1. Do you know which residues across the range 71-87 are surrounded by 14 or more Cβ atoms within 10 Å (Cβ to Cβ) and over 10 Å from Asn44 (Cα atoms)?
2. Looking for whichever is at pLDDT 95 or above, of a type in the set (Val, Ile, Thr) and in contact with a Cys (Cβ under 7 Å, 6 or more places away or on another chain) here; the options are Ile74, Ile24, Ile39. Which one fits?
3. With the requirement that a residue be surrounded by 13 or more Cβ atoms within 10 Å (Cβ to Cβ) and not in a strand (DSSP E or B), what does the range 88-99 give you?
4. What number of residues within the range 50-66 are closer than 9 Å to Leu27 by Cα and part of a loop (DSSP other than H, G, I, E, B)?
5. Can you tell me which residue in the range 31-47 is surrounded by the fewest Cβ atoms within 10 Å (Cβ to Cβ), limited to those that are out of contact with any Pro (no Cβ under 6 Å at 6 or more places or on another chain) and over 15 Å from Val82 (Cα atoms)?
6. Which members of the range 54-99 meet the condition of being closer than 15 Å to Arg9 by Cβ and in contact with a His (Cβ under 9 Å, 6 or more places away or on another chain)?
7. Restricting attention to the range 53-70, and to residues there that are surrounded by 16 or more Cβ atoms within 10 Å (Cβ to Cβ) and not β-branched (Val, Ile, Thr), which single residue is nearest to Ala21 (Cα to Cα)?
8. Condition first: in contact with a Leu (Cβ under 9 Å, 6 or more places away or on another chain) and assigned to a loop (DSSP other than H, G, I, E, B). Now tell me which residues in the range 1-17 satisfy that.
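The values are calculated or read from the model by the stated rules, or taken from the named source; none is laboratory data. What you see is a predicted model, and the numbers here were worked out from it, not measured in a lab. In this analysis, Cβ positions are derived from the backbone assuming ideal geometry, glycine residues included, and neighbour counts consider all displayed protein chains.
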Amino acid sequence: MVFGVPVGRFGQQKVGTSSAAQKISLLNGTGTGLSMSSIQSSANFKQNNTCGVTLTAGAFCYIDVSFNPTSIGIKQGRITVVDTASGSPHLLPLPGTGY
């Protein structure tokens, strides 16, 4: 699995508000279809995705991620993708700052 960006960057966001969503692509770069077990975001971040249960070889899906800080300060979140590809789980860092 390959994320379309190495890091999701959110910058500063007012506490109690939600940033605009960033669309992050996820590529199945293997030669076979993959079963997707879960896609989760850590605290202070929300995600919606188009990945479904399986992702065919060479196909993309998309994860929309928004930053929703609940307190002031630097937040180091992540997206975690669990699937049948080698190296699973796959992690994408999501830094942001609540103000």
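1. Ile79, Thr80, Val81, Val82, Asp83, Thr84, Ala85
2. Result of the check over Ile74, Ile24, Ile39: Ile39.
3. Of everything in the range 88-99, those that are surrounded by 13 or more Cβ atoms within 10 Å (Cβ to Cβ) and not in a strand (DSSP E or B) turn out to be Ser88, Pro89.
4. So the count comes out to 3.
5. Applying the filter and picking the extreme gives Gly31.
6. Once the filter is applied, which keeps residues that are closer than 15 Å to Arg9 by Cβ and in contact with a His (Cβ under 9 Å, 6 or more places away or on another chain), the range 54-99 yields only Ile79.
7. Once the filter is applied, the top-ranked residue is Ser66.
8. Met1, Gly4, Val5, Pro6, Val7, Gly8, Arg9, Phe10
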